[in-house]
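Laboratory data are not the source of any read-out in this text; all were calculated from the coordinates shown. Just so we're clear, the structure is a prediction, and the values are computed from it rather than from any experiment. We place every Cβ from the backbone using ideal geometry, glycine too, and count neighbours over all the protein chains shown.
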Amino acid sequence: MSALPHLGWSSHVYPLEAADFAKVPDYDGGDIPVAALPGDDVVLLVRPDGPDALLRGRAKAEEAAARGETVQVRVVFRPSIAKWNLPATIVRALRGKYRYHGTGVYHIAPQAIRAMGLERAVRTLDNPQQRKNKDRAASMKRLAASLRERGYDDARPISVHLCRIFGLRDSLRQGHHRISACLECGIERMAMGFCAAGALPRELGGRRA
């Protein structure tokens, strides 16, 4: 019996707008055994050598899109870090050089991101992260004004790093201020994308149902 391919699974299932998947192609690469995949109804593949692709759930996504609904999506990705290279998977300083970004942009409610606990720190308009001499409070006020006037700019999606924490748990990489600003301004729809690097191997508990 051949070994299963080394794939990472997102630690969370993401409630994404189903209409987004009309632009995502179906996977047409090499065979991926069913045993290597989670059992979720809708599974998205993110990879370093091609566009995001739908592995499973086209009909379900289309049905939800026709009703203007979201669909629960599990994300599977191909690690760019070899499964034996545990230091690069776990240590932030090593992991960064392997990181790649998916090609898709999806839409999600900022309330959903907050509820999933993906933020490493919660920022507010009055308490932004401080960086040297930059006036981040002024930047947050400009961001809030832009959101209230024009809504969320899809050209600036937030980024969720899959299996970022110890090769197991997803975590927000970019977008902490934007999420808080959206929540404070009553914005209910924002753009997001996924990035990845490594994942803990299956033998060490790196895949979950």
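Descriptive notes on the structure:
- Proxy reagent accessibility, fewest Cβ within 10 Å first, across Val122, Val34: Val34, Val122
- Cα-centred dipole magnitude for the chain, charges only on beta-carbon of K, R (+1) and D, E (-1), debye, nearest 20: 1120 debye
- Residues Trp84, Trp9, sorted so that the one with the fewest Cβ neighbours within 10 Å comes first: Trp84, Trp9
- Farthest positive-ward along segment 8-204 dipole, Cα basis, beta-carbon charges - from Ala64, Thr89, Val43: Thr89
- Within segment 17-69, the percentage of alpha carbon pairs spaced more than 12 angstrom apart rounds to 65%.
- Note on the chain: the alpha carbon radius of gyration divided by the globular reference 2.2 N^0.38 Å gives 1.06.
- Spatial offset of segment 32-93 relative to segment 146-208 amounts to 15 Å, using the alpha carbon center of each.
- Environment charge of Val46, counting only residues whose C-beta is closer than 15 Å and scoring Lys/Arg +1, Asp/Glu -1: +2
- Degrees separating the helix 136-150 axis from the principal Cα axis of the chain, which is the longest one: 80 degrees
- Using C-alpha pairs under 8 Å with a sequence gap of at least 6, the mean separation divided by the residue count of segment 8-204 gives a relative contact order of 28 percent.
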